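Step one of this worksheet: look at the structure below.
Derivation of every value follows stated rules applied to the coordinates shown; laboratory data play no part. Since the model is a prediction, treat every value here as computed from it, not as a measurement. Heads up, the Cβs are rebuilt from the backbone with ideal geometry, glycines too, and the neighbour counts pull from every protein chain shown.
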Amino acid sequence: MNAPLGYFGDQPTQRLIPAEPIVRLEKISKTFPGRDGQPVTALQEIDLAVPQGSILGVIGRSGAGKSTLIRLVNGLEKPSSGKVIVDGANIAALPESALRHARRSIGMIFQHFNLLSSRTAAENIALPLEVAGYDKAEIRARVEELLALVGLTDKRNRYPSELSGGQKQRVGIARALATKPKVLLSDEATSALDPETTRSILDLLAKINDELNLTILLITHEMAVIRNIAREVAVIEGGRIVEQGDVFEVFTRPQHEVTRSFLGDEAGRVLPPYVQNRLTQEATPNSQTVIRIGFRGPHATDPVLARLAREQGIEANILSGAVDEIAGRPFGTLVVGVPESASLKTLEFLKQHGLDTEVLGHVA
Ligand SMILES: Nc1ncnc2c1ncn2[C@@H]1O[C@H](COP(=O)(O)OP(=O)(O)OP(=O)(O)O)[C@@H](O)[C@H]1O
Ligand SMILES: [Mg+2]
């Protein structure tokens, strides 16, 4: 029997036709008046589309324009030119009253949590609901629901000073979700947290994304954040998007120097000092060629060096290596040294087996 059109439920068109992105930036530029009369260009010609229900990571160095970008999305900044469309509305063109209303569908979380110290966890979460004019019973019920969602039911009457960083950010997340937004903006929300707490906050965001189909736009300067939670990534540098795409694709085959430098401290890309210190650009007599091999997806666990030895008679020295997971997919890196005379044959063999290669230099 053929599946009827309504196969996926009562809203078939939602699945069959790709939805309009929930957030769309069109040719956005932003210039600030500088102190010394010299204007500062924070963003230039940014085009960005965020599909509903996705998690998009934006990564960039300090001053790249990340906060400016995210503040444009909820109208805290106005673009100098271009359009910011959120859920069909041009945020930049809305009058103040309409903007206040639109902001209820855009939640935001911050690096330093921005909680009111004079209010308990529950009272902080209730705040946006009070502002929006909900009645007391509704607020109470919604706050309980949110406390449960972020795992803080037993901390409802604690003040921020009595909470850990991770707990404070959970309150921040609950508060951001109070008015049932469609989009959550995160500006370095885990930068003040230790790696383990970061992990638990990212897990919570992933859960919220999954359960509520909430779109998350998160900016960070931490590679691990993107790697662990985002599907799509945009790399921003000097106010421009320099690289963009699927996280696994971008991180395993970085095209731009900035992306490479972010990946520089990732496991498997760091060369041990005894190799790094002896690395030269030019080959010398009897030197070895140092090759980085990237194993993606199905090739991640291939015994390729054994085959290189057996089939080509080339013995490779392993200099460093690691297997990692990026966006839920295995990715291996191996750095090997092979005799200079066999380097071309080795590169060809590796490419034939679908592996990525990069010549890093030579060691005597
Ligand atoms: N209100 C402002 N007035 C003048 N210049 C500004 C203003 N806000 C940001 N800028 C400038 O715009 C550029 C981008 O700043 P932005 O805060 O967006 O960077 P960022 O990527 O968030 O950096 P960080 O990682 O340090 O938070 C910087 O050169 C900054 O000095
Ligand atoms: Mg910033």
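Rounded to the nearest 20, the size of the Cβ-charge dipole of the range 168-315 about its Cα centre is 280 debye, with Lys and Arg at +1 and Asp and Glu at -1.
For Glu243, the amide hydrogen comes within under 5 Å of the amide hydrogens of Val235, counting only partners 5 or more places away or on other chains and with H modelled in the peptide plane.
Computed over the chain, the range of Cα coordinates on each principal axis works out to 80, 69, 48 Å, biggest value leading. Listing Ile85, Ile201 from fewest to most neighbouring C-beta atoms within 10 Å gives Ile85, Ile201. Compute the Cα gyration tensor for the range 247-364, then decide on rounded, prolate or oblate, letting a ≥ b ≥ c be the square roots of its eigenvalues: rounded whenever a/c is under 1.5, prolate when a/b is larger than b/c in the other cases, and oblate in all that remain. It is oblate, given that a/c is not under 1.5 and a/b is not larger than b/c.
Does the range 52-191 classify as rounded, prolate or oblate by the C-alpha gyration tensor (a ≥ b ≥ c root eigenvalues; a/c under 1.5 gives rounded; else a/b over b/c gives prolate, otherwise oblate)? Oblate, since a/c reaches 1.5 and b/c is not below a/b. Going from the residue with the fewest nearby Cβ atoms within 10 Å to the one with the most, His101, His221, His362 rank His101, His221, His362. Connecting C-alpha atoms closer than 10 Å in a GNM of the chain, tell me which of Pro330, Pro95, Pro160 has the biggest fluctuation. Its mean-square fluctuation being the largest, the pick is Pro95.
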